[in-house]
Amino acid sequence: MLNIEQIRKDFPILERETSNGKRVIYLDSTATSQKPIQVIEAMNDYYRRSNANIHRGVHTLAEEATTLYEGARERIAKFINAASSREVIYTRNTTESINLVAYSWARTNLKAGDLVVLTEMEHHSNLVPWHMLQAERGIELEFIPVTENGLLDLTAYAALLTRSPKLVSFAHMSNVLGTINPAREIIRMAHEAGALALVDGAQSVPHLNVDVRELDADFYAFSAHKMCGPTGIGALYGKSSLLEAMPPFLGGGDMIKEVKLRSFRANSLPHKFEAGTPAIAEAIGFGAAVDYLKAIGMDNIAAHEHEITEYALERLEEIPGVKLFGPDANHKGGVAAFTLEGIHPHDVAQILDQDGIAVRAGHHCAQPLHEKFGIPATSRASFYLYSTKDEVDLLVNGLYKVKKMFG
Amino acid sequence: MDDLYREVIIEHYKNPSYRGKLDPHDISFADNNPLCGDHIQIDLRVNADGVVTDARFDGHGCAISQASADLLLESIIGKSLEEVKKLNKDSVLELLGIDLGPVRLKCALLSLKVLKAGVYGLGEASDDLVE
């Protein structure tokens, strides 16, 4: 069990009030999580004490900065149980990680007519890079359907696999439905059909114990900012055999071994994919976030979120006019997307905000999924290690207030 | 912020006077707010002097977007197209009688964007129209 009171003290922002004197009730962690003081201070310390550019300098500060930057990578690699830190590429975020695979691996290995399998519940970040490649290369795209209760239809998936796709790319956990997809099974099936598997882990790494080797993922993408870390940094895990064979993504400093006027030789992993001065402070913050989550324990965090989610779904269901999307609490993470009959989600979010309650309204960068369910938008409340049942109660009271206003 | 949902806004949202379509019409244009999926179509009838004689909107969206469409159409009937072209962000905020943050401003200004794109006969509505 988590000591929530203690945990909440680590997040200074949870103490603040909105302009009308309401305490912030933050139910939007799926968009971005809040940051504990340990992460904020790690980045602060770097700028106060160790700021220098990495990998090149021989002076004290450059040595320190490099050690901190690479040390964070090692801890991030351990956190997802990568075989080596060489398999962890720093990127800006999950989106950039997926784009890296689409530009470097896919543009080398896919040709017109090759099939990439995605799902109907993907975030735009795992759709648009493939749309772009389709326009450029003439690859084909197919989608694993989502069932009425928000799960992937694995029978339809098996049928798609008979068409010998080259790549299967899917979200481990849906940012709208909250569905936790059976990643190991999906990857095993992909491999049996001769396809590689890329996993969008933006929502899973922050909330679940993720072991990339146990999953046997070929590529696994995630962002720091959804897991108590800063914005501007994320990671792409890739099996070293694949990464070694891939051409660089962006060209520039730090990704080279040698440059001549008319040619270059690429650096070794992971630096081959990290051109230019990276987000050093953010990488260090990322490392601190991983330390923070590890100290609390991912299993403890997942158990706490399960308890809150179960309670939230139960309470939301009681409200007349509320329609919830996605599977039951046993198949999902801490996300509750819903509509309130006759009231636009933007109005719901705005009125809740007057009581300091932060939820997200819109299509949450998953427009095709909303179209599938025949709705333009949903309101979404999401939970993390610092969320409490009291906050769920305040959300429920707020929704009754919304109903009264539009009643 | 507390008066964001002023009675006038809720009233125009629930019981709009100008919801519907005009057939025939002289001008018709539609657009979406990609942020939240709000959709608005506006039809206008214009007489020989270039004066708006009737107007209707259709679509779906939040209370702010729908109420501002209703208030906007109410305000332009009897006005010339030249006058309509001069409308801007402040005209809409004045009609709504509220102040809005950058996100909700897009909801409020969708109808003006659609209206002006139609009046100017543009292929696509752009944000410059409502600056």
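The values are calculated or read from the model by the stated rules, or taken from the named source; none is laboratory data. Quantities reported herein were computed from a predicted structural model and do not represent experimental measurements. Note: ideal-geometry Cβ built from the backbone for every residue, glycine included; neighbour counts use all protein chains shown.
Details
- Once the stretch A:376-407 is narrowed to residues that are surrounded by fewer than 17 Cβ atoms within 10 Å (Cβ to Cβ) and farther than 29 Å from residue A:302 by Cβ, the residue that is nearest to the other protein chains (Cβ to nearest Cβ) is A:405.
- Residue match in the stretch A:148-164 (condition: in contact (Cβ under 8 Å) with a residue 24 or more places away in the chain, farther than 27 Å from residue A:298 by Cα and of a type in the set (S, T, N, Q)): yes
- Tally, over the stretch A:340-352, of residues that are crowded, with 21+ Cβ neighbours inside 10 Å and in contact (Cβ under 8 Å) with a residue 40 or more places away in the chain: 6
- Residue match in the stretch B:89-100 (condition: more than 14 Å from chain A (Cβ to nearest Cβ), in contact with a Lys or Arg (Cβ under 9 Å, 6 or more places away or on another chain), under 24 Å from residue B:8 (Cα atoms) and in a helix (DSSP H, G or I)): no
- Of the residues examined, residue A:381 is one that is outside any helix (DSSP H, G or I), touching a Leu at 6+ places or on another chain (Cβ under 6 Å) and in contact (Cβ under 8 Å) with a residue 24 or more places away in the chain.
- Tally, over the stretch A:365-375, of residues that are surrounded by fewer than 24 Cβ atoms within 10 Å (Cβ to Cβ) and either within 11 Å of chain B (Cβ to nearest Cβ) or assigned to a helix (DSSP H, G or I) (or both): 7
- All told, residue A:90 meets the bar of being crowded, with 22+ Cβ neighbours inside 10 Å and within 14 Å of residue A:237 (Cα to Cα).
- Among (1) in a loop (DSSP other than H, G, I, E, B); (2) loosely packed, with under 15 Cβ neighbours inside 10 Å, the one test that residue A:49 misses: (1)
- Index of the failed condition, residue B:60 passing every other in (1) buried (at least 17 other Cβ atoms within 10 Å of the Cβ); (2) of a type outside the set (Phe, Trp, Tyr); (3) in contact with a helix residue (DSSP H, G or I) (Cβ under 8 Å, 6 or more places away or on another chain); (4) free of Cβ contacts under 8 Å to residues at least 40 places away in the same chain: (1)
- Only one entry in A:333, A:321 is more than 14 Å from chain B (Cβ to nearest Cβ), in contact with an Asp or Glu (Cβ under 8 Å, 6 or more places away or on another chain) and closer than 18 Å to residue A:401 by Cα, namely A:321.
- Filtered residues of the stretch A:212-234 (kept if surrounded by 24 or more Cβ atoms within 10 Å (Cβ to Cβ) and on the phi > 0 side of the Ramachandran plot): A:228
- Residue that is nearest to the other protein chains (Cβ to nearest Cβ), among those in the stretch A:342-364 that are in contact with a strand residue (DSSP E or B) (Cβ under 7 Å, 6 or more places away or on another chain) and not in a strand (DSSP E or B): A:346
- Residue in the stretch A:299-312 that is more than 14 Å from chain B (Cβ to nearest Cβ), in a helix (DSSP H, G or I), farther than 22 Å from residue B:104 by Cα and in contact with an Asp or Glu (Cβ under 8 Å, 6 or more places away or on another chain) present: no
- Matching strands (runs of 3 or more DSSP E) fully within the stretch A:197-264 where at least 1 residues are of a type in the set (Asp, Glu) and in the same structural domain as residue A:57 (by TED's automatic domain parsing): A:256-260
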